[in-house]
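Accompanying notes for the structure given below.
The values are calculated or read from the model by the stated rules, or taken from the named source; none is laboratory data. Keep in mind that this is a model prediction, so the values were computed, not measured. Every residue, glycine among them, receives a Cβ derived from its backbone with ideal geometry; neighbour counts consider all protein chains shown. Areas reflect the complete protein model, heavy atoms only, side chains present, ligands, DNA and RNA absent. Shrake-Rupley method; radii C 1.70, N 1.55, O 1.52, S 1.80 Å.
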Amino acid sequence: MDGVSYQRFPRIKIREVKHDYMKFELRDTDSSIANALRRIMIAEVPTIAIDLVEIEVNSSVLNDEFISHRLGLIPLTSERAMSMRFSRDCDACDGDGQCEYCSVEFYLRVKCLSDQTLDVTSKDLLSSDHTVVPVDYSDGLDNATNKGIIIVKLRRGQELRLRAIARKGIGKDHAKWSPAATVTFMYEPEIYINEDMMESLTLEEKQELVDSSPTKVFAIDPENKQVIVVDPEAYTYDDEVLKKAEAMGKPGLVEIHAKEDSFIFTVETTGAVKASQLVLNAIEVLKQKLDAVRLSDDTVEADDQFGELGAHMRGG
Amino acid sequence: MSDETDSLSRGIDKQYLASPIKNPVDKYQLIPEFLKVRGLVKQHLDSFNYFVKTEINKIVRANNEIRSTRDPSIYLRYRDVRIGEPSMIYDGVTEKLSPQKCRLSSLTYAAPIYVTVDYTSTMRGKKQESTEKDVVIGRMPIMLRSCSCVLYGKDEEQLAKLGECPLDPGGYFVVNGTEKAMGMESDQEVVQMLGRDPRFSALLLPSIEECANLKVYTQHQALEFLESDKMLNVFSYFSGPVEKGARALSILRDILLANVPVHQHNFRKKCIYVAVMMRRMMEAILNKDTMDDKDYVGNKRLELSGQILSLLFEDLFKTMNAESKREFDASPSARYILYCIKKYNRITSELGRTLSTGNWDVKRFGMHKKGVTDVVARLSYIGTLGNMTKIKPQFEKSRKVSGPRALQPSQFGMLCPCDTPEGEACGLVKNLALMTHVTTDEDERPIISLCYYLGVEDLELLSAEELHVPSSYLIVLNGLMLGKHKSLQRFANAMRKLRRAGKIGEFVSIFVNKKQRCVYIASDGGRVCRPLVIADKGVSRIKELHMKELRDGVCDFNSFLKDGLIEYLDVNEENSLIALYEKEATPETTHIEIEPFTILGVCASLIPYPHHNQSPRNTYQCAMGSGQNATVAVMSYSGYDIEDAIVMNKSSLDRGFGRCIVMKKYTAICQKYDSCTSDRIIKPQRQGYEADRMQILDDDEIAAPGEIIRRHDIYINKESPIVTRWIPGTSPTVLPDTAYKPSRQTYQGTEGELAVVDRVALHSDENNNLSIKFMIRDTRRPEIGDKFSSRHGQKGVCGTIVQ
């Protein structure tokens, strides 16, 4: 407790960003932070999803609960979600969850009048708020083939009429509120090749070593016939190369360590929020969570107890 | 074909010619074709169709006359019998029935049995013959998808219109709204002579001595001895001729070995039969190898619903006739008897009762069976199919014997080696394999005359000495000795050729038993058989071009059968040389298996890579006819996974994994009482303390479809009159409200479950009371304690659900 600071300054380097996909490096932090970030992205970043369905007419083949469940799973664009209220702590509507601050209303009115089977899709959902609409998966090029998410199929004479209320929620409560499709991170591997030992190998042996890895991590330089690392991140921590090296009687030929403070994240979203936004929102949520445990100002005495950490938690 | 031209163009390539055929004909496609043609419950349908088309006619023809004992010129005769369309009479109007309607309104899916009756009527003192057509003697429950069913031959759209699933296999009955399948009963039947071997005479000596001691030397003395109290008191009910000796003779004629016909008091055939039986017995004493194995599947017969039903019907029909005859003796008017027959409803009620309880009591034949019918398992489609192929033994399960429970080599390809329950009924209850067919009876007469044409020497013409000459073979048809034939192989080949050409039934089996020097021909019902590819000197008759035709839809499974590429073999005839694969065939091979996996039954066929499993795992899996398939990742989790428990991911459950919908039927009946009063349904209270429980009631006083129903909710607000007995002297009046007490029905579901009223159906039941059916639907999500399994008999309960 002699004033050692544990504060670190994590850095993010973005490698690739698409609408619903993002790959970035997170450096200079612990795995606890990386995992917290991952878990928050999956379960605690709020989105909007249909939560209450009032069915007026349903003569389709699927029953009411079934359709309601399917409606709930449709991702809705949720840029507004962070600024919305949870309907359980909404003051404007006594928590019955039907006001503009905490809910969005949807209508679906479809009837099949032709002999052809009619697909009821997420595009048939009419929203009361133009910012909260079902995610559009069509790439804008061919709308004919991409018709949205199918809810139910109707045959001639069948009808579906309903009102749905979408609310803010988090993935912890129900997976339908999870904005993430997949969020993964890996430790960045550090691969050392012992050049001296490598020299003692024949070309065939080198090739064998290269081929022993199930993923394409190593290659042989076509010019100087040296084993080189082509893609360290392709390594899946499978130890196959290490086992091979040992089997060849050359332990230590290749050494692989996980860099414990560098992480490579892959984030894919459902489209409810942009991938980049998801990361920002997750950081925001993480900050809010930390705020919740942050010691209040009147417990400065705790400084004695926590030292530097106490100040840190107060935002010092 | 192309290979051939290739090799020709390359010149003669010896190595190529010597190499084995690279691609043996892929016969896999035959299986879907087989199932398309036959389905998996065809044995039930065939059996029932045979009963409806043939057997019932035989029964009625055999008992077709009721004649008055008082005046033998008055009679009543059944001429023709047929089963009509499934229908019921409701308020005097005949209404057609569909199976779905029966399920919903708790009716029996049955069709009237029509007979044409000729009877003597007396017109102004003159006797004359009258005919009445379409007299209904009862209602026969109809097997779904049989030839008498409305679903027969309907296409998908028509089935949908009738509210029927196009994939449903049928083969069961609907009795009082519940689906009842009749299992197969296995029956043992060992149908199987004397020479001058000195060992035989030694065995016979004691019998001859006994005859001498009893002073029985002549035929007459023997008959008298048989008639003495000691021997024949068992037959006390026997009502035959009463002269001395004739009674025993008639018993010998009609009861002893009834399968052997006696023409004009010619007992020779029977004598020979008894002689052959004794010889076999003695052979068995001398040499244990000649004993018949009673567990051998070839010695077993399966009894299907048609046969079981026909026995019951025969009994009921005879009872009806006997009762009618009693009436006849009391009142000699045939018209009155006809009236009695029309009114007679025991056939209907007994058939229905027997099917719904499964207790088979046919006193005439001394049959008392329990559990003949089962409720169709509807947990999953495969479970239902598995249920339809189940075979139950007739004898008691409590027998602590291992013999019948063991896997019999003769079961190969006929009965599934995996699918049997664990515990008590293990090995006794079996299941049919995929391609097994159960035969129905076939007319023997054409086969008999064919055999004689083919050179079978009639037994009558043979001396006792000739019976056992080793150079000739005994020809036995369904346990009846036809005669002898000199050239065994020629006869068997000729018969088989005739079968392959379709001149005799495809299911007739020709089995050569060299040890017993017999050729057994079987055309009886209840044998199990399966199709196999015929091979000539080890070369399969099915060539690639045949399979191509099949794939192109030019021909189907039946045309393969007709063209003599495939034939059905029963267990006895299966003792020919069958190669598993074409490449393994040798010149001696006579048949080639279609596909090896057809040895398995319906449930076992669903196991991926069953040959990589420990064998009991396959058996366990067969007991679980499970539903949804899922891709899963396996992990261990902090003790919640021990003892086969499963850890589940909450997100996957949120997304709908393992969700299931349970439907339950609740019935409310508006009973009518003797006092001309009835239950009434009253308007729900919209205010007051009970209004809460009556929320789901519509203004028509009945729960509305689509309403969420909770525990203790009232789904019908019914009241019953307090006094329901009829008090003499009172007239039916409108009762005041105070004369009613509430008899509402409340939902007793589990707390916290989301149940919804799915459908409400109103109809009148058999007593003309208004009956209201509520279908209540309950969507369930997997929770801790629910059972899950892989497809390899690895079941476990959900131990925890991880966030």
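Only strands (runs of 3 or more DSSP E) whose full extent lies in the stretch B:640-727 are considered here, and the ones with at least 2 residues that are within 14 Å of chain A (Cβ to nearest Cβ) and open to solvent by 30 Å² or more (accessible area, probe 1.4 Å) are B:660-670. Taking the criterion of being open to solvent by less than 60 Å² (accessible area, probe 1.4 Å) and either closer than 17 Å to A:N194 by Cβ or assigned to a loop (DSSP other than H, G, I, E, B) (or both), the residues of the stretch A:229-238 that qualify are A:V229, A:P232, A:Y235, A:D238. The listed residues are B:S324, B:S356, and the only one of them that is open to solvent by 30 Å² or more (accessible area, probe 1.4 Å) and in a helix (DSSP H, G or I) turns out to be B:S356. As a summary of the residue check, B:K58 satisfies the conditions (1) assigned to a helix (DSSP H, G or I); (2) open to solvent by 10 Å² or more (accessible area, probe 1.4 Å); (3) touching a Ser or Thr at 6+ places or on another chain (Cβ under 7 Å) except for the one numbered (3). Kindly indicate whether any position in the stretch B:134-143 is open to solvent by 60 Å² or more (accessible area, probe 1.4 Å), of a type in the set (A, V, I, L, M, F, W, C) and part of a loop (DSSP other than H, G, I, E, B). Checked against the condition, which is being open to solvent by 60 Å² or more (accessible area, probe 1.4 Å), of a type in the set (A, V, I, L, M, F, W, C) and part of a loop (DSSP other than H, G, I, E, B), the stretch B:134-143 yields no hits at all. Can B:G505 be described as modelled with pLDDT under 85 and touching a Ser or Thr at 6+ places or on another chain (Cβ under 8 Å)? So B:G505 does not fit the description; no.
Is at least one residue of the stretch B:459-470 surrounded by 19 or more Cβ atoms within 10 Å (Cβ to Cβ), under 22 Å from B:M278 (Cα atoms), modelled with pLDDT under 80 and over 34 Å from the mean Cα position of the chain (by Cα)?
Yes, some residue in the stretch B:459-470 is surrounded by 19 or more Cβ atoms within 10 Å (Cβ to Cβ), under 22 Å from B:M278 (Cα atoms), modelled with pLDDT under 80 and over 34 Å from the mean Cα position of the chain (by Cα).
Is it the case that A:R70 is open to solvent by 80 Å² or more (accessible area, probe 1.4 Å), closer than 30 Å to A:L154 by Cα and assigned by TED's automatic domain parsing to the domain that holds A:K172? So A:R70 fits the description; yes. The set of residues from the stretch A:166-187 being within 16 Å of A:V135 (Cα to Cα) and either assigned to a strand (DSSP E or B) or more than 14 Å from chain B (Cβ to nearest Cβ) (or both) comprises A:A166, A:R167, A:K168, A:A180, A:A181. When A:R8 is tested against (1) outside any loop (DSSP other than H, G, I, E, B); (2) more than 14 Å from every other protein chain (Cβ to nearest Cβ), exactly one condition is not met: (1). Close Cβ contacts (under 6 Å, 6 or more residues apart or on different chains) running from residues in the stretch B:748-760 that are within 11 Å of chain A (Cβ to nearest Cβ) and open to solvent by less than 80 Å² (accessible area, probe 1.4 Å) to residues that are assigned to a strand (DSSP E or B) and among the polar types (S, T, N, Q) comprise B:L754/B:T779.
For the stretch B:664-676, the condition holds for no residue, the condition being that it is closer than 30 Å to A:A49 by Cβ, at pLDDT 85 or above and among the basic types (K, R). Residues of the stretch A:44-97 that are among the acidic types (D, E) and assigned to a loop (DSSP other than H, G, I, E, B): A:E44, A:E79, A:D91, A:D94, A:D96. Quick one: which strands (runs of 3 or more DSSP E) lie wholly within the stretch B:762-803 and hold at least 3 residues that are closer than 28 Å to B:I607 by Cα? Filter on the stretch B:762-803 gives B:787-789, B:795-802. Within the stretch B:526-566, how many residues turn out to be small (G, A, S), buried (at least 21 other Cβ atoms within 10 Å of the Cβ) and assigned to a loop (DSSP other than H, G, I, E, B)? Result for the stretch B:526-566: 1. Answer with yes or no whether A:L253 is closer than 30 Å to A:M197 by Cβ, open to solvent by less than 40 Å² (accessible area, probe 1.4 Å) and either out of contact with any Lys or Arg (no Cβ under 7 Å at 6 or more places or on another chain) or at pLDDT 90 or above (or both). For A:L253, the condition - closer than 30 Å to A:M197 by Cβ, open to solvent by less than 40 Å² (accessible area, probe 1.4 Å) and either out of contact with any Lys or Arg (no Cβ under 7 Å at 6 or more places or on another chain) or at pLDDT 90 or above (or both) - is met.
Once the stretch A:144-165 is narrowed to residues that are within 14 Å of another protein chain (Cβ to nearest Cβ) and open to solvent by 60 Å² or more (accessible area, probe 1.4 Å), the residue that is modelled with the highest pLDDT is A:R161. Take A:D136 and tell me if it is more than 30 Å from A:D20 (Cα to Cα) and surrounded by fewer than 18 Cβ atoms within 10 Å (Cβ to Cβ). Judged against the criteria, A:D136 is not a match.
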